[in-house]
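Enquirer: Have a look at the structure that comes next, please.
The values are calculated or read from the model by the stated rules, or taken from the named source; none is laboratory data. Worth saying up front: this structure is predicted, and the values here are computed from it rather than measured. We place every Cβ from the backbone using ideal geometry, glycine too, and count neighbours over all the protein chains shown.
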Amino acid sequence: MPDLLIELFSEEIPARMQAEAAATLKARVTDGLVEAGLTYAAAQAFHTPRRLTLAVEGLLAESPTTREERRGPRTDAPEKAIEGFLRGAGLTRDQLSAREEKKGTFFFAVIEKQGRPAAEIVAEVLEATIRNFPWPKSMRWGAGTLRWVRPLHSILCLMTTEAGAEVVPLDIDGIAAGDSTQGHRFMAPAPFSVASFEDYAAKLKRAHVILDAAERADHIWNDATNAAFAAGLEVVEDRGLLAEVAGLVEWPVVLMGEIGQDFLDLPPEVLQTSMKEHQKFFSVRNPRSGRIERFVTVANRETADNGATVLAGNQKVLAARLSDAKFFWENDLRVAKADKMQPWLDQLENVTFHAKLGSQADRIRRIAALAREIAPHVGADPELAAQAATYAKADLSSEMVYEFPELQGLMGRYYAEAAGLPAKVAQACQDHYSPLGPSDAVPEGPVSRAVALADKLDTLTGFWAIDEKPTGSKDPYALRRAALGVIRLLLAGDIRLSLTDLAAKADAFDGQADTADLLSFFHDRLKVHLRDAGVRHDVIDACLAMPGNDDLTLLVKRAEALSDFLKTEDGTNLVQGFKRAYNILTQAEAKDGVAYEFGADPKFAETDEERALFDALETAKPKIDAAMAAEDFAAAMSAMAALRAPIDAFFEAVQVNAENQVVRRNRLNMLHTIRDTCLRAADLTKLDG
């Protein structure tokens, strides 16, 4: 069974596109091979800035011959129908056979497809893959029609067996497949031939190319952390930047440089962001002071002076960038200290948030009013919450945030501190955007939580009011993220409030926001959140059907208690007993046209099991009532669990629909008591099974 090696060698591929492109190459080629009848044992894809590589092991040498019988039209069908069948099958009339079946006599065709050599199939699949490759952006060059992300220079396509290696015949726009590639652009540019994947990977490494992106990333990280450790420093971890830099070099050479003394007093986040965004540098921190003091850059080649010239150039460019950042920082501090950010707040009057929702200043006023309403629910001072909301977005007018939008909020904290605002207000300026995603931390301070909730609720009610809701996969205003943020804030803080009431207060557009529809949207997000936490969908539905479902904290406590209850044997069996009682009672009420909702009388009980169930219900009721009043759902369900055995015994010993109508009515009334008791904690009718 041959092994297949493919390399597509081009000019530099943008780092952000490489991993997905390698995965696409693997998927399209292997899927195409399998569809053509060629199975394989394993496949691996690799990428560097200049090449996409696919290695396939254990490929079939040829596709198998297949034989398929296909039924056609009836023998007395119109001639055009028969001709269409012949065209589809690729046969002539004399190659058909007729066979009688229950519905008539039909034509049958036996279609035999001869197996083909693997090389022929590989050539077809690879050409189709290259010509239809889904690059986010592509280009043409020269006089050809081929499109690729950057000019494609060569195609290596090799099949290797024990007998040797064979080039797969293939030519795309004058680029003929071969068995050769090139190493590092500067350190080993001469072409060389390869005979297998192992030979290819080994020769590439000797030619200063590390094929595996993960290996390049590990090499960068190890060298960077070792260099920092030797200087008593530490590299600030940034996995995204590490993956990006590993996609910029084929032979990583780690160099550590110094940051000019003039810039060391800049906030560490400013230094880190500036170096990452503009230079792709890693920040190196002093663990004792927390200051960013050095940087790590990754060159793509070794040099005779061990990178001294590269470092000098990088430090010169970095100094220019940081001079801008220092200028912004000092200007912004003057505004914050002298005028307490008031000029920035004034500027927001002229900044449109949304054409239908007013300016940023309008939005800030809404958030401040809502934060004042929310504050008592989260244990915050209402005036402090309103003040924090007023200043939370002031930094949007600052020069630093204009240059680095990703620093919004964080710079707000620095500027609020410089302006002498209370510490809780400054912290809320930074925290109120959080949580931005499922892994982002939730603000802990009460003032921060009040402003964060107000910010997200204003966003949701505003866009609901103008009917700009998420549709399908489209969510341009990140409203799903905002709803999940509200959910996480409420649950993390054990915050009890009515979303319906709060959304009505947040709606500054005269009730235009459909709060019922918005609550449904929250419930959909909550379902996703709870399913990720392992809570069954039917358990969630059973709790959503209960009153107070706009209090998400209460709703989740109910769902978690029910979920835990159903994992016990008593819980599972009690639900089955409840459903049996529910079904019998529902059918009887429908048949008789009456509601059996009068209390059952023990004096009409005929069996010990019946009397035992009366006693169990009488004992459980006050316990369940007390637990429900305390919103202790676990205790309520524990009290309900005590009913499991008496209910089981009752149904084993008693026929509900007895001939004696008095006894029958009494037993149906008892089923009503069971139904009402079991429905106190959750709507068990929503449970599956």
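Condition check ((1) of a type in the set (Lys, Arg); (2) touching an Asp or Glu at 6+ places or on another chain (Cβ under 8 Å); (3) modelled with pLDDT under 95) across all residues:
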{"site": "104", "(1), (2), (3)": "no, yes, yes"}
{"site": "109", "(1), (2), (3)": "no, yes, yes"}
{"site": "141", "(1), (2), (3)": "no, no, yes"}
{"site": "144", "(1), (2), (3)": "no, yes, yes"}
{"site": "153", "(1), (2), (3)": "no, yes, no"}
{"site": "166", "(1), (2), (3)": "no, no, yes"}
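Enquirer: Considering only helices (runs of 4 or more DSSP H) fully contained in the range 586-687, which possess at least 1 residues that are in contact with a Gly (Cβ under 8 Å, 6 or more places away or on another chain) and either of a type in the set (A, V, I, L, M) or touching a residue at least 12 places away in the same chain (Cβ under 8 Å) (or both)?
Expert: Details: elements: 608-629, 633-641, 644-653, 661-678.
Filter on the range 586-687 gives 633-641, 644-653, 661-678.
Enquirer: Inside the range 25-108, counting only strands (runs of 3 or more DSSP E) that do not spill past its ends, which hold 2 or more residues that are surrounded by fewer than 13 Cβ atoms within 10 Å (Cβ to Cβ)?
Expert: On the way: elements: 42-48, 51-57, 66-74, 97-101.
By residue number, 66-74, 97-101.
Enquirer: Among the residues of the range 333-357, write down those that are under 36 Å from the mean Cα position of the chain (by Cα), in contact (Cβ under 8 Å) with a residue 60 or more places away in the chain and crowded, with 18+ Cβ neighbours inside 10 Å.
Expert: Residue satisfying the conditions is 357 alone.
Enquirer: Additional query: Six or more apart or on different chains, Cβ atoms under 9 Å: show the pairs whose first residue is in the range 232-254 and farther than 20 Å from residue 10 by Cβ and whose second is basic (Lys, Arg) and part of a strand (DSSP E or B).
Expert: Pairs found: 233/285; 233/294; 234/285; 235/285; 236/285.
Condition check ((1) out of contact with any Lys or Arg (no Cβ under 7 Å at 6 or more places or on another chain); (2) aliphatic (A, V, I, L, M); (3) within 23 Å of residue 565 (Cβ to Cβ)) across all residues:
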residue: 576; (1), (2), (3): yes, no, yes
residue: 605; (1), (2), (3): no, yes, no
residue: 622; (1), (2), (3): yes, no, yes
residue: 639; (1), (2), (3): no, yes, yes
residue: 661; (1), (2), (3): yes, no, no
residue: 679; (1), (2), (3): yes, yes, yes
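Enquirer: Looking at the range 303-311, is at least one residue under 19 Å from residue 269 (Cα atoms), out of contact with any Gly (no Cβ under 6 Å at 6 or more places or on another chain), of a type in the set (Ser, Thr, Tyr) and not assigned by TED's automatic domain parsing to the domain that holds residue 402?
Expert: First, the residues of the range 303-311 that are under 19 Å from residue 269 (Cα atoms): none.
Checked against the condition, which is being under 19 Å from residue 269 (Cα atoms), out of contact with any Gly (no Cβ under 6 Å at 6 or more places or on another chain), of a type in the set (Ser, Thr, Tyr) and not assigned by TED's automatic domain parsing to the domain that holds residue 402, the range 303-311 yields no hits at all.
Enquirer: Considering each residue of the range 572-615, count those that are surrounded by fewer than 14 Cβ atoms within 10 Å (Cβ to Cβ) and among the aliphatic types (A, V, I, L, M), and give that number.
Expert: Final tally of qualifying residues: 3.
Enquirer: Please report, ordered by residue number, the helices (runs of 4 or more DSSP H) entirely within the range 183-280 with at least 2 residues that are buried (at least 17 other Cβ atoms within 10 Å of the Cβ) and polar (S, T, N, Q).
Expert: Details: elements: 197-206, 213-230, 239-246, 268-274.
Counting at least 2 such residues, we get 268-274.
Enquirer: Quick check on this structure: which one of 296, 284 is touching a Lys or Arg at 6+ places or on another chain (Cβ under 8 Å), part of a strand (DSSP E or B) and either at pLDDT 95 or above or surrounded by fewer than 19 Cβ atoms within 10 Å (Cβ to Cβ) (or both)? It would help to see each step written out before you state the result.
Expert: Values: 296 fails: touching a Lys or Arg at 6+ places or on another chain (Cβ under 8 Å).
Sole residue among the options that is touching a Lys or Arg at 6+ places or on another chain (Cβ under 8 Å), part of a strand (DSSP E or B) and either at pLDDT 95 or above or surrounded by fewer than 19 Cβ atoms within 10 Å (Cβ to Cβ) (or both): 284.
Enquirer: Follow-up question, since we're still on this one. Please work out if residue 551 is crowded, with 17+ Cβ neighbours inside 10 Å and either at pLDDT below 90 or farther than 16 Å from residue 484 by Cα (or both). Step through it out loud before you land on a result.
Expert: On the way: crowded, with 17+ Cβ neighbours inside 10 Å: yes; either at pLDDT below 90 or farther than 16 Å from residue 484 by Cα (or both): no.
No.
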